[in-house]
1. Grab the other residues whose beta carbon is less than 13 angstrom from that of Gly275, score K and R as +1, D and E as -1, and report the net.
2. Pick out, in residue order, every one of the chymotrypsin sites (Phe, Trp or Tyr not before Pro) in the range 259-307 that is DSSP loop and has at most 11 other C-beta atoms within 10 Å; say none if there are none.
3. Which of the GluC sites (Glu not before Pro) found in the range 290-356 are loop residues per DSSP with 12 or fewer other Cβ atoms within 10 Å of their Cβ?
4. Work through the residues other than Pro193 whose Cβ is under 12 Å from its Cβ and net out their charges, Lys, Arg +1 and Asp, Glu -1.
5. What is the spread of the Cα atoms of the range 252-356 along each of their three principal axes, largest first, in whole Å?
6. Return, for the Cα atoms of the range 5-217, the radius of gyration and Dmax in Å, separated by a comma.
7. Under 18 Å from the 7 Å Cα→Cβ point of Ile216, by amide nitrogen: which residues of the range 180-198?
8. On C-alpha positions alone, give me the angle between the axis of helix 16-27 and the longest principal axis of the chain, in degrees, nearest 10.
Amino acid sequence: MVETEIITVDPLNPDDKKIEKCANVLKNGGIVAFPTETVYGLGACMYDRNAVRKIFEVKQRPFDNPLIVHIENLKQLYEVAKDVNEKVRNLISHVWPGPLTVILPKKRNVPDIVTAHLDTVAVRMPAHPVALKLIRKLGRPIVAPSANLAGKPSPTTANHVIEDLFGLVDIIIDAGETFLGVESTILNVSIHPPVLLRPGPISVEKLEELFGEKIIVTEQARGLIESEKAISPGTKYKHYAPRTPLIIVESENYTDLSKIVSGVLDLVKKKIEYGKKVVIIASSETADYYGGYDVIKIGSRKNLYEVAKNLFKVLREVDKYEADICVVEGFDEKGIGLAIMNRLRKASGFNIIKIR
Ligand code: TXA
Ligand code: MG
């Protein structure tokens, strides 16, 4: 056990002295949980192999699952990656700082432990004042996975981090709720054509517009299959899952909501007949149709950013109902909806019922 200090800062205007203190802890080999615009990360100085190892140990993360390098300026990009062609430069100039991680050929500066001995590196410039200031004060890139225990939903509040990592990390910076709620989009631009490894807040539609080319979206990126040897190593492990088993009820289209509602109700009634306790995760548009059952509202279908923002919080709430099964409504895969469905499908262990 270590003594964990919780430091509260203003998310938009973080106090210099407090962030300096956190940067000093990183300089001295410590590990610090900090907010990004997507989820909280657990950071170490990229060059400090011992601190990086601590991150894997504390999270119980397998060493073959590489970390994202967080940078604050473009000089740091060229410090860690090479072969950044014009199309990639154009893409990142439009989205950074922002929730896009690019996979590029790595430079030897990056310790092997960070990249799990791959010859590529994942890089992103986060759009959060606290994250940016922390990297600036350290003067070096910060490697960080999401600040949850491996397998648990990613943390979108400092309290989630405290639940998982209190007593295991040196500092937890509390800057309130993160802005977006799902992890960054990951795009492999080290191969051609580029391949989406993880859907996120920057949509495929947007990526194609900015990159000027078709992006490959695999079944795996949609969260529909789990491949033996994953292209993004992290994607082969069970993720985001509450203890309560999830079943997702998906539809071909979500314009006619009566289909999804009757699909959910049929399933719920069947489970109850078998003596199971059920909780439902529903949109604000459909929640009222499930009167009499336990329902967690996740947000509006008209604003999938709201659903994304609540997603991991809701997944952490599910277990409090002590149900035998949680039935979850599916969402449209457009825009950030693809990221939502990817996370839900994985959280369910690919337990999906499709309504026709
Ligand atoms: O929004 C985010 O990306 C958050 C915040 C904290 O920045 N971070 C995050 O990190 O989600 P993590 O470690 O939970 O997920 C990183 C994913 C893993 O699936 C990992 O396998 C993949 O990125 N990854 C890292 N380096 C890679 C590489 N060189 N090639 C392919 N995939 C890589
Ligand atoms: Mg993670």
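Any read-out appearing in this document is the output of simple, stated calculations on the displayed coordinates, not a laboratory observation. Only a predicted model underlies this, so the values are computations on that prediction, with no experimental measurement involved. Glycine also receives a Cβ, built like all others from the backbone with ideal geometry; neighbour counts cover every protein chain displayed.
1. That sum, taken over residues with Cβ under 13 Å, equals +3.
2. Counting only loop positions with at most 11 other Cβ atoms within 10 Å, the chymotrypsin sites (Phe, Trp or Tyr not before Pro) in the range 259-307 are Tyr274.
3. Glu322
4. In short, 0.
5. Taking max minus min along each principal axis of the Cα atoms, the range 252-356 gives 38, 29, 25 Å.
6. According to the Cα coordinates of the range 5-217, Rg and Dmax are 16.0, 47 Å.
7. Zone members listed by number: 186-198.
8. The angle comes out near 80 degrees.
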